[in-house]
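Colleague: Let me give you the structure first, and then I'll get to my questions.
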Amino acid sequence: MTASGTASRSLRRIFGVGFTIALAFGNTVGVGILRLPGTVAAALGGPALVAPIWILGGLYATLGAISVSELAAMSPTAGGFYVYARRAFGRGFGFAIGWNDWIQNCITIAYVALTGAEFLTDLTHAPVIWRPVSAVAIIALFAGLQWIGIRIGGLLQNSISAAVGVLLIALTVACFVIHPAIQPRPVAAGALSSGHALALSVGLVAGVTTALRSVIVTYDGWYGAIYMAEETLDAPRTIPRAMIGCAVLVTALYTLINLGFLHALPFAELARSTQPAADIAGLIIPGGGAQFVTIVSILTLLGLVNAILLVAPRILYAAGRDGLFTDRATEIGAAGTPRLALSLTALCACALVMSGTLQQLVAVAAVIFVLNYVSTYVALFVLRFKEPEARRPFRAWGYPVSTGVVLAGSVIFLGLTIAEDHRSALYAALLMVASAPVYAWLSRRKAQA
């Protein structure tokens, strides 16, 4: 409360580049990098393309960060993708993107908390029945800490991201210390018939496509800082540095981790493994490797829960300020937290945990996050055309080629996702359509106010 006894409506500009990098890192690095290297290796069928595919995924993320940085510098306000869609396409489409983005974030919080609860119950040997309760407790704990004060949320993010980074680097270094695994010799090109070569070429394209999809999902989250632009010091400069820096940092980390895994395990064993980090940790710490990886996994998941609980309420805050949600969502507590928006986000995530439909919802969220990419890159093209004289403290390097490449990649990725899971794509489309009557009702309500 302010001195006059009324709630503040303004977010506090208190975070620097260190926090924004920690937020982007925590919003990106999850359990996927501990599990998916085996899946990616199996899809590729050989070690030669493992590092290049992770570098390619990192390039995709970096080009995305470069493009979004221009939008973030142009509109350094809370709300993320919603803000850019509203500015480029109007209030209606902006609301639809914000609506979907907030729901996707709530789904992600619920899924990550439930996964963290599974790791915790495995570590403590607690009954499986306690997992949903533990997931709700995780969400309530981090929401409660952020309710007390935004600085606590920031401190938690800095601490958890630093701990995860150190542990992942330690695991990577240990991989290279292990005696190198014996890799099988590749088949000589001359030993293949033309028919076999063609079959291998077709299979390779399919394998690379499958692998790249897993890699792109693992890189998702580099844009986390855009939601908190209003709380970032010198946001037009800080957020581009944080996003691009995070994308480059994570690319280097993921590539080194995969090279370490290839060094420590025979390729065939890596390709079969669903828990390669645990397998390697078992070689490093006999009898305790699985527990080490479980602790790293729990930390990454807790960091992700904290990060999303920081960013998602800013969507409701921005929508409330624009008259597209209740005005109370713009009320800021004494310690800088948009408390109603935080409460609604946490309650929605808890309800999803207990709903019993989370797996299907996660598949829907996978479609929504790619749709956010597509709408944002198109928004950059639209705003360059509509607002050529607008102030742009940061201009996307290599535009329009860089943005065109990442947009084309996102469209292809969206098409593949829809082709693979028609049902989830249909649900995502229905969710988008459902935003129309909600928007109409909110607009009419605002007009009558």
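Colleague: Residue by residue through region 406-438, note down the ones that are touching a Lys or Arg at 6+ places or on another chain (Cβ under 8 Å) and either charged (D, E, K, R) or crowded, with 17+ Cβ neighbours inside 10 Å (or both).
Modeller: PHE413, THR417
Table: residues versus (1) hydroxyl-bearing (Ser, Thr, Tyr); (2) at pLDDT below 95; (3) farther than 24 Å from PRO313 by Cβ.
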| position | (1), (2), (3) |
| --- | --- |
| ILE178 | no, yes, yes |
| SER194 | yes, yes, yes |
| LEU204 | no, yes, yes |
| ALA247 | no, no, yes |
| ALA252 | no, no, yes |
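Colleague: Please work out which one of (1) assigned to a helix (DSSP H, G or I); (2) farther than 13 Å from LEU34 by Cβ; (3) at pLDDT 90 or above; (4) out of contact with any Gly (no Cβ under 6 Å at 6 or more places or on another chain) is the condition TRP222 fails and give its number.
Modeller: (1) is the only condition that TRP222 fails.
Colleague: Still on this structure: Sort through ALA318, ALA307 and tell me the only one that's closer than 30 Å to GLU230 by Cα, touching a Leu at 6+ places or on another chain (Cβ under 7 Å) and either assigned to a helix (DSSP H, G or I) or not basic (Lys, Arg) (or both).
Modeller: None of the others qualify; the one that does is ALA307.
Colleague: To continue, here is another question. How many residues are surrounded by fewer than 21 Cβ atoms within 10 Å (Cβ to Cβ), polar (S, T, N, Q) and at pLDDT 95 or above when one looks only at region 339-374?
Modeller: Total meeting the criteria: 1.
Colleague: Name the residues in region 222-242 that are closer than 17 Å to TYR82 by Cβ, of a type outside the set (Ser, Thr, Tyr) and either buried (at least 24 other Cβ atoms within 10 Å of the Cβ) or without any contact (Cβ under 8 Å) to a residue 40 or more places away in the chain (or both), would you?
Modeller: Once the filter is applied, which keeps residues that are closer than 17 Å to TYR82 by Cβ, of a type outside the set (Ser, Thr, Tyr) and either buried (at least 24 other Cβ atoms within 10 Å of the Cβ) or without any contact (Cβ under 8 Å) to a residue 40 or more places away in the chain (or both), region 222-242 yields GLY224, ALA225, ILE226, MET228, ALA229, ALA235, ILE239.
Colleague: Can you tell me which of ALA41, ALA65, ALA113 is in contact with a Cys (Cβ under 8 Å, 6 or more places away or on another chain), in a helix (DSSP H, G or I), buried (at least 24 other Cβ atoms within 10 Å of the Cβ) and of a type in the set (Gly, Ala, Ser)?
Modeller: Among ALA41, ALA65, ALA113, only ALA65 is in contact with a Cys (Cβ under 8 Å, 6 or more places away or on another chain), in a helix (DSSP H, G or I), buried (at least 24 other Cβ atoms within 10 Å of the Cβ) and of a type in the set (Gly, Ala, Ser).
Colleague: Checking the structure you have, find out if any residue of region 255-276 is closer than 26 Å to ASN372 by Cβ and out of contact with any Ser or Thr (no Cβ under 7 Å at 6 or more places or on another chain).
Modeller: yes
Colleague: Restricting attention to region 377-398, report how many residues are farther than 13 Å from MET74 by Cα and either at pLDDT below 95 or touching a helix residue (DSSP H, G or I) at 6+ places or on another chain (Cβ under 6 Å) (or both).
Modeller: 3
Colleague: Now, a different point. Just one of (1) under 16 Å from ALA113 (Cα atoms); (2) at pLDDT below 90 trips up GLY288, so point out which.
Modeller: GLY288 satisfies all of (1) under 16 Å from ALA113 (Cα atoms); (2) at pLDDT below 90 except (1).
Colleague: Which one of PRO127, PRO76, PRO132 is over 30 Å from VAL438 (Cβ atoms) and either in contact (Cβ under 8 Å) with a residue 12 or more places away in the chain or out of contact with any Lys or Arg (no Cβ under 8 Å at 6 or more places or on another chain) (or both)?
Modeller: Matching residue, one of PRO127, PRO76, PRO132: PRO127.
Colleague: With the requirement that a residue be part of a helix (DSSP H, G or I) and either in contact with an Asp or Glu (Cβ under 6 Å, 6 or more places away or on another chain) or surrounded by fewer than 17 Cβ atoms within 10 Å (Cβ to Cβ) (or both), what does region 246-281 give you?
Modeller: Scanning region 246-281 gives VAL248, ALA252, ALA268, GLU269, ARG272.
Colleague: Let me ask another. Kindly provide the set of residues from region 386-425 that are aromatic (Phe, Trp, Tyr) and more than 25 Å from ARG237 (Cβ to Cβ), ordered by number.
Modeller: Within region 386-425, PHE413 is the sole residue that qualifies.
Colleague: A further question follows. Can you pull out the residues in region 119-134 that are at pLDDT 90 or above and touching a helix residue (DSSP H, G or I) at 6+ places or on another chain (Cβ under 6 Å)?
Modeller: Scanning region 119-134 gives PRO132, SER134.
Colleague: Is it fair to say ILE33 is surrounded by fewer than 20 Cβ atoms within 10 Å (Cβ to Cβ) and β-branched (Val, Ile, Thr)?
Modeller: No: the conditions fail for ILE33.
The values are calculated or read from the model by the stated rules, or taken from the named source; none is laboratory data. Note that the coordinates shown come from a computational prediction; the quantities given were computed from them, not determined experimentally. Note: ideal-geometry Cβ built from the backbone for every residue, glycine included; neighbour counts use all protein chains shown.
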